[in-house]
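J.: Encoded as C-alpha cells, here's the structure I'll be asking about.
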C-alpha cells in the first residue's frame, strides 16, 4: 500500500500536495474558504486541486450547509507518517 501511495504522491501536482498537507493537519473536515485563508493558493488553484484529488479518490466531499473536504483515511495516515 505504501508503494501505491508513494507513487500517487509523486505524480500529484505541487498545488495538490499543498492542499493535501493542509487538510492532513486538521482533525475535522475543511471548507474551501478555510483553505483560501490558510494557504497562499488562488481560488482557481484550490478548486482545480480539489477536483483533481476527488478524481483520484484521495479526497472525500461532504455536503451540508457548506461543502467540506477530508482526505481518505488511509491516505491521510500515509501523509502523516511519511510526508510531514
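The values are calculated or read from the model by the stated rules, or taken from the named source; none is laboratory data. Just so it is clear, the model here is predicted, and its values are computed rather than measured. Note that we place each Cβ from the backbone using ideal geometry, even for glycine, and neighbour counts take in every protein chain shown.
J.: Sort out which residues of the range 16-38 are over 13 Å from residue 59 (Cβ atoms) and surrounded by 17 or more Cβ atoms within 10 Å (Cβ to Cβ), and write them in order of number.
T.: Result: 18, 34.
J.: Which residues, counting only those in the range 1-24, are assigned to a loop (DSSP other than H, G, I, E, B) and either at pLDDT 95 or above or within 10 Å of the chain's Cα centre (by Cα) (or both)? Before the answer, list the steps.
T.: Filtering the range 1-24 for residues assigned to a loop (DSSP other than H, G, I, E, B) gives 1, 12-13.
Within the range 1-24, 12, 13 qualify.
J.: Let me spell it out: the conditions are (1) in a loop (DSSP other than H, G, I, E, B); (2) in contact (Cβ under 8 Å) with a residue 24 or more places away in the chain; (3) farther than 24 Å from residue 4 by Cα, and residue 68 meets all of them except one. Which number is the exception?
T.: (1)
J.: Please enumerate the residues belonging to the range 29-65 that are free of Cβ contacts under 8 Å to residues at least 24 places away in the same chain and assigned to a loop (DSSP other than H, G, I, E, B).
T.: 39, 40, 42, 57, 64, 65
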